[in-house]
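Working notes, structure below.
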Amino acid sequence: MNNSSITKTLGVCYYPEHWPEEDWKDDAGKMVELGITYVRIGEFAWSRLEPKRGTYKFDWLKRAIDILHEAGLKVVLGTPTATPPRWLVDEMPDMLPVNKDGNIRNFGSRRHYTFSHGGYRVECARIVTALANKFGSHPGIAAWQTDNEFDCHDTTLSFSPVDLAAFQNWLGQKYQSPDALNRAWGNVFWSMEIDDFSQIMLPNQTVTEANPAHWMDYRSFASDMVAEFNKLQTDILRKLSPDRDIIHNFMGRTLAFDHFKVGADLDISSWDSYPLGFLEDRSDRSEDFKREYSRAGDPDFQAFHHDLYRATSNGRWWVMEQQPGPVNWAPHNPAPRDGMVRLWALEAFAHGAETVSYFRWRQAPFAQEQMHSGLLRSNSEEAEGYGEASAVAEDMKKIDFGKLDDAPVAIIFDYASSWAWQTQPQGREFDYFRLVFDFYKGLRAKGLTVDFLPSNTDDLSPYSLVLIPGLFTFENELKAALAKFTGQVLIGPRSGSKTASFSIPDALPPDLGNTLLDMKITRVESLRSDCLIRVGSGSFKYWREFASVGKDAKVSLSGDDGQPALITQQNYSYLCGWPDEVLLDEVLEGLCKKAKLSTIDLPEGLRIVSNHGKHFVFNYSNQTHDFSKTVKGTLIYGDERIFPSGFAIVDASAI
């Protein structure tokens, strides 16, 4: 999980087509003055680049790139495929996506296409090829961004006739025969058997729930369409613009496609970090928590995605869009607390980011995002975020973030598991992201730095502790890696509870064999939020499993009803339910002791990232903390009394 020791840089997103050309040179000069290195442009400009079919208007873009390059800036040029122009939609109206209720999602905003449309793919290849031929060797082009924010506005799943035909073809390639599909899906149930792939419909408008295997294949198909669409572009760019990095900007809590598959065709994964918007719009935290952190963001949410997306492209990653002030799209859009825009950037660098890029340079005075802040106000005055970005630029001159270590702890993360439990949650609260995030928060609260690994990982040896919560099915590579792993492993709940074709395993979950865990899950229950199962000092919430334990395993914790709660066998442990914070902390503390991992019980809102003997300390809370008694070492940056939005570095290498 190491990333190379690359100089940390700042970037900004810029839209020259939005502003008078006479302002471009002044903008470029001011960017350089601020300390900006990278400028992302062009990702929404198709209608200006090709106002009519075959009529390319690239001169304005060349002038913009020339001006930025001459000022000493490096350009990330986006492919404009997230915003197909009106004339193209008029030519092929069946490219428009269709929602789950069967309604067409029309032209008038963005992302108005379905990934599976062959004709649209041809058009995307054409515009990307034209751009790469024109700018692929331009000295100002340092990198490319493919499209923009795959799945934004829930656009991975589409239910059009085009999608149906593509899905039927995908199933034919996967199963080869209708009989094989019938067996895999269990179509004998409810007389769902088919004798031709053309009889398969989409799973969205059935009378009651569709076969979960049907849904699982449709989600896998849709994910593959995203990966194919991205690869179509990366193949062109690698051929016509060699030696430039290729990037895509992922989003927060977006699991509809497999980011590991998309990341395999990227040089750099990036993501768009909006801490305050995400707390309002994508968080399961309590209303009291949201109120407490409304101007700072969740202390763990950004770090979670930093670590996850670092894993999707072999350690190289950016923040492509960093929130600089109030945004426009959440239920409420507060201003960040003073210092938080600085803290978010420094935290990203501590997690290994090469570049943090702000969205956007200047606030737009028109259209859908005019309420979204920029580093400059719409009249070009410096906004609050400008001063904080300037402070980050000064910090970067003084701080050596170093090459990122492998963390001591890893979590297995699997997008298919999210699709599975969304398809068959069995309880209203069962959400894969929520479960994994709970485990991640528990590790972070103990001062631990975390790596993520895909579900097909074949080597766990760099780690002392591996967590596997809610894994849909165990792939053979991971089973082999677990069999030879000597560190501590925590599995469950719900891991290994299905086969790849969405059936209960013949041997019952967790389907790992008696040599790893001599046990089986015999039944499960989902729990109301006010019906907890007491375990140790805490409780199971939402989900609980009943286990039969064999002679080679032992029960380490039981519920207050006497049922097994934590089962151990050598270095493997299985947790038979969804733990609350207290129980999870108790379990993790015991496992960390077995793994000989040092932990730090951090105050609420204080978080650290450890790297090469240094602790990078961040204060999300509204309180001032004296961390000198908990985070041991020599202070080398900042102050031991860390104020709200504060940042410090402690050298613990001598301890």
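The values are calculated or read from the model by the stated rules, or taken from the named source; none is laboratory data. Keep in mind the model is a prediction, meaning the values are calculated, not measured. Note that each Cβ is placed from the backbone with ideal geometry, even for glycine, and that neighbours are counted across all protein chains shown.
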### Message
Give me the residue from segment 542-554 that is crowded, with 20+ Cβ neighbours inside 10 Å and more than 28 Å from the chain's Cα centre (by Cα) and, out of that set, nearest to Phe485 (Cα to Cα).
### Response
Ala553
### Task
State all residues of segment 72-131 that are of a type in the set (Phe, Trp, Tyr) and closer than 30 Å to Tyr38 by Cβ; if no residue qualifies, say none.
Tyr113, Phe115, Tyr120
### Task
Among the numbered conditions (1) within 23 Å of Pro80 (Cα to Cα); (2) surrounded by fewer than 24 Cβ atoms within 10 Å (Cβ to Cβ); (3) out of contact with any Asp or Glu (no Cβ under 6 Å at 6 or more places or on another chain), tell me where Arg337 comes up short.
(1)
### Query
Somewhere in segment 636-654, is a residue among the aromatic types (Phe, Trp, Tyr), under 31 Å from the mean Cα position of the chain (by Cα) and buried (at least 19 other Cβ atoms within 10 Å of the Cβ)?
yes
### Task
Assess whether Thr522 counts as being modelled with pLDDT of 95 or more, closer than 22 Å to Asp431 by Cα, in the same structural domain as Leu583 (by TED's automatic domain parsing) and assigned to a strand (DSSP E or B).
yes
### Single match in Ala367, Ala345 (criterion: surrounded by 22 or more Cβ atoms within 10 Å (Cβ to Cβ) and aliphatic (A, V, I, L, M))
Ala345
### Message
Contact list please: Cβ distance under 8 Å, first residue in segment 225-254 and farther than 19 Å from Gly11 by Cβ, second residue in a helix (DSSP H, G or I) and polar (S, T, N, Q), pairs at least six apart or on different chains.
### Response
Ile236/Thr129; Leu240/Thr129; Leu240/Asn133
### Message
I need a count of the residues in segment 429-467 that are acidic (Asp, Glu) and under 16 Å from the mean Cα position of the chain (by Cα).
### Response
3
### Query
Scanning segment 639-655 for residues that are at pLDDT below 95 and of a type in the set (Gly, Ala, Ser), which turns out farthest from Pro299 (Cα to Cα)?
Ala654
### Query
Which residues, counting only those in segment 43-82, are surrounded by 18 or more Cβ atoms within 10 Å (Cβ to Cβ) and of a type in the set (Ser, Thr, Tyr)?
Thr79, Thr81
### Task
Considering each of Asp601, Asp580 in turn, give the residue that is at pLDDT below 95 and out of contact with any Asp or Glu (no Cβ under 7 Å at 6 or more places or on another chain).
Asp601
### Message
Can you find, within segment 333-354, the residue that is farthest from Ala303 (Cα to Cα) among those that are assigned to a loop (DSSP other than H, G, I, E, B) and among the aliphatic types (A, V, I, L, M)?
### Response
Ala335
### Query
Quick one: is Gly470 more than 30 Å from Ile6 (Cα to Cα) and either within 23 Å of the chain's Cα centre (by Cα) or crowded, with 19+ Cβ neighbours inside 10 Å (or both)?
yes
### Among (1) assigned by TED's automatic domain parsing to the domain that holds Glu525; (2) touching a residue at least 24 places away in the same chain (Cβ under 8 Å); (3) of a type in the set (Ser, Thr, Tyr) - the single one Ser621 does not satisfy
(1)
### Task
Could you tell me whether segment 402-409 includes any residue that is modelled with pLDDT under 95 and more than 30 Å from Glu581 (Cα to Cα)?
yes
### Message
Restricting to segment 25-57, count the residues that are farther than 16 Å from Leu77 by Cα and aromatic (Phe, Trp, Tyr).
### Response
1
### Within segment 414-503, helices (runs of 4 or more DSSP H) holding 1 or more residues that are β-branched (Val, Ile, Thr)
415-423, 432-445
### Query
Does segment 555-597 hold any residues that are loosely packed, with under 14 Cβ neighbours inside 10 Å and either without any contact (Cβ under 8 Å) to a residue 24 or more places away in the chain or over 30 Å from Val650 (Cβ atoms) (or both), and which are they?
Asp560, Asp561, Gly562, Gln570, Lys593
### Task
Output the residue which, of all residues in segment 372-409 that are small (Gly, Ala, Ser) and in a loop (DSSP other than H, G, I, E, B), is farthest from Gln322 (Cα to Cα).
Ala407
### Task
Would you be able to say whether some residue in segment 129-138 is farther than 30 Å from Asp243 by Cα and loosely packed, with under 14 Cβ neighbours inside 10 Å?
no
### Task
Scan segment 195-227 for residues that are surrounded by fewer than 16 Cβ atoms within 10 Å (Cβ to Cβ) and either closer than 18 Å to Tyr113 by Cβ or not polar (S, T, N, Q) (or both) and jot them down.
Asp195, Asp196, Met201, Val207, Glu209
### Task
Find all pairs meeting these conditions: Cβ atoms under 6 angstrom apart; at least six residues apart or on different chains; first residue within segment 275-302 and surrounded by fewer than 19 Cβ atoms within 10 Å (Cβ to Cβ); second residue in a helix (DSSP H, G or I) and aliphatic (A, V, I, L, M).
Lys290/Leu279
### Message
Take Ser539 and tell me if it is touching a residue at least 60 places away in the same chain (Cβ under 8 Å), surrounded by 14 or more Cβ atoms within 10 Å (Cβ to Cβ) and either basic (Lys, Arg) or more than 24 Å from Lys551 (Cβ to Cβ) (or both).
### Response
no
### Message
With the structure loaded, tell me whether Thr114 is surrounded by 20 or more Cβ atoms within 10 Å (Cβ to Cβ), in contact (Cβ under 8 Å) with a residue 40 or more places away in the chain, touching a Pro at 6+ places or on another chain (Cβ under 8 Å) and under 30 Å from Gln168 (Cβ atoms) or whether it fails that test.
### Response
yes
